[in-house]
Amino acid sequence: MDIRDLPRMIDLSCVKTESTFDELNAMVTMAKKYQTICCFAMPCYTQWLANQLNEEKDILVGGTIGFPSGADMTEIKAMTANHLVEIGCGELDMVINVSALKSGHYDMVENDIKQVYDSVQGLPLKVILEVAYLTDYEIQKGSEFAVKNGAAFVKTGTGLAPKPTTVEHIRLIHKTIGGSARIKAAGGVRTLDDIRRMVEAGCTRFGIGLRSAQEIFDEAGL
């Protein structure tokens, strides 16, 4: 891993329930300073975020769909995806219907992903599994459904679950999907060593909050 590529592997996120507007401003400042690849806010602030970054050709605006449970009605998720595209998002991150996956309602899971995929108008879609709540078998099934229905990335989590993403999660997803899609890790990625080990396991993108991102950039000497 070339340390100079690190900012282009990081999606800065400000999507916690308690995230403040000051933190959103700080995220924009950090993104511009380091030229990270993408920034994410919750939907109510995404238009504002797009306005702040509309002159930054190399920084994408990300859109969040179905955070944190993925249990919104599929029609609402698809409408949200369409609207986020219209206001300037370049990538969309949707939460899989975790309850449906755990219940074995696989047709519901696939239809949910497919309808959102059809609404993103060809933009990269990241499908979030929320691995903290899943068995290995469920992680494999979710990964397969994501790739089958158009995901550009299989993403481990929202970063809001009670347990972190691990290197073992990355290895399992990579073993399941191979090169069919890329892998994004979010939740518990705190250090440069975490990133290096996950890159070795097959991960190419990371969703990281402000404090951890700054610590990682400092550790990397950027």
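A compact table of results
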item: Matching residues in segment 148-168 - criterion: being surrounded by fewer than 19 Cβ atoms within 10 Å (Cβ to Cβ), in contact (Cβ under 8 Å) with a residue 12 or more places away in the chain and not in a loop (DSSP other than H, G, I, E, B); result: LYS148, VAL167
item: Enumeration of residues in segment 5-37 that are without any contact (Cβ under 8 Å) to a residue 12 or more places away in the chain and either touching a strand residue (DSSP E or B) at 6+ places or on another chain (Cβ under 9 Å) or among the charged types (D, E, K, R) (or both); result: ASP5, GLU18, THR20, ASP22, LYS33
item: Residue match in segment 11-30 (condition: over 13 Å from the mean Cα position of the chain (by Cα), over 20 Å from GLY159 (Cα atoms) and among the hydroxyl-bearing types (Ser, Thr, Tyr)); result: yes
item: Out of ALA201, ALA186, ALA213, sole residue that is surrounded by fewer than 20 Cβ atoms within 10 Å (Cβ to Cβ) and modelled with pLDDT of 95 or more; result: ALA201
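The values are calculated or read from the model by the stated rules, or taken from the named source; none is laboratory data. Note that this is a predicted model, so its numbers are computed, not measured. Cβ coordinates were reconstructed from backbone atoms using ideal geometry, including for glycine residues, and neighbour counts include every protein chain displayed.
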